[in-house]
Amino acid sequence: MRRLMNMADIPTGAEVLRVPVFGNCLEGAAIFDGDSVGIALDHFPRPPKYGLWGVEREDFCLCQRLDKPGPLLLKRYDGRVFGQDHAGTRYRKGPDQQPEDVSFPVEVLGVVIALWDKSGTPVWHRPPESFPESPEPGGEIPFHNVSPVKEPHLLEQATAQDKT
């Protein structure tokens, strides 16, 4: 039986950690169940870069959910929502359904810098120095087809009419 990793499993003073991958939520990024990743605990993911066709650059991170604490997770770093880091994944509920993006608030513990396949063969590696040593400003997740509320009293009026 495989055991999921918790905060207590991170060695004190460690800068780089090799972590096994459990599950299939990163298969779209060619990170598969049974692979392992290298985590730089002293560096952070870069804000995602969005282009005309969606995300042009994405980093992956070791994180812990803030809304449902539990085991540590390997997820795609999505950026920030209202100043809070978010990470998530894209998955399909069934073969005939559209993929869904799922994102949730997290504490980012480090950035993925290397990938080894199930047999231990290196797949890719990026130097830790190519990632920031502290979270970078920016990276706010863009909300498409959503109009920002510029005047707080408009929000109060809208919710009063909805009786919510």
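The values are calculated or read from the model by the stated rules, or taken from the named source; none is laboratory data. Worth saying up front: this structure is predicted, and the values here are computed from it rather than measured. Quick reminder, even Gly has a Cβ in these numbers, built from the backbone with ideal geometry, and neighbours come from all protein chains shown.
List pairs: first residue in region 120-149 and exposed (fewer than 12 other Cβ atoms within 10 Å of the Cβ), second residue modelled with pLDDT of 60 or more and β-branched (Val, Ile, Thr) anywhere in the structure, Cβ distance under 9 angstrom, at least six positions apart or on different chains.
125/113; 127/113; 143/81
Considering each residue of region 79-93, count those that are charged (D, E, K, R), more than 17 Å from residue 59 (Cα to Cα) and at pLDDT 80 or above, and give that number. If you could, list the steps in order and put the result at the bottom.
The first filter runs over region 79-93 and keeps only residues charged (D, E, K, R), leaving 80, 85, 90, 92-93.
Narrowing further to those that are more than 17 Å from residue 59 (Cα to Cα): 92-93.
Of the ones still in play, those that are also at pLDDT 80 or above are none.
Result for region 79-93: 0.
Can you pull out every residue in region 21-47 that is modelled with pLDDT under 90, buried (at least 19 other Cβ atoms within 10 Å of the Cβ) and closer than 22 Å to residue 128 by Cα?
26, 47
Cβ contacts < 8 Å: first residue under 17 Å from residue 64 (Cβ atoms), restricted to region 8-32; second residue of a type in the set (Asp, Glu) and surrounded by 13 or more Cβ atoms within 10 Å (Cβ to Cβ), any location; separation 6+ or different chain. Result?
From residues that are under 17 Å from residue 64 (Cβ atoms), the pairs are 20/35; 21/33; 21/35; 22/33; 23/33.
Take the residues in region 2-25 that are within 17 Å of the chain's Cα centre (by Cα) and part of a strand (DSSP E or B), then tell me which one is nearest to residue 111 (Cα to Cα).
Filtering first and then ranking leaves 19.
Scan 28, 34 and give me the residue that is assigned to a loop (DSSP other than H, G, I, E, B) and in contact with a strand residue (DSSP E or B) (Cβ under 8 Å, 6 or more places away or on another chain). Let's see the steps before the verdict.
Details: 28 fails: assigned to a loop (DSSP other than H, G, I, E, B).
The conditions single out 34.
When the residues of region 48-68 are narrowed to those that are within 11 Å of the chain's Cα centre (by Cα) and among the charged types (D, E, K, R), which ends up surrounded by the most Cβ atoms within 10 Å (Cβ to Cβ)?
This residue is 59.
For (1) at pLDDT below 80; (2) in a loop (DSSP other than H, G, I, E, B); (3) of a type outside the set (Val, Ile, Thr), each residue gets a yes or a no:
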| residue | (1), (2), (3) |
| --- | --- |
| 50 | yes, no, yes |
| 77 | no, no, yes |
| 95 | yes, yes, yes |
| 133 | no, yes, yes |
| 156 | yes, no, yes |
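If residue 112 meets every condition in (1) part of a strand (DSSP E or B); (2) modelled with pLDDT under 95 apart from one, which number is that one?
All conditions pass for residue 112, except number (2).
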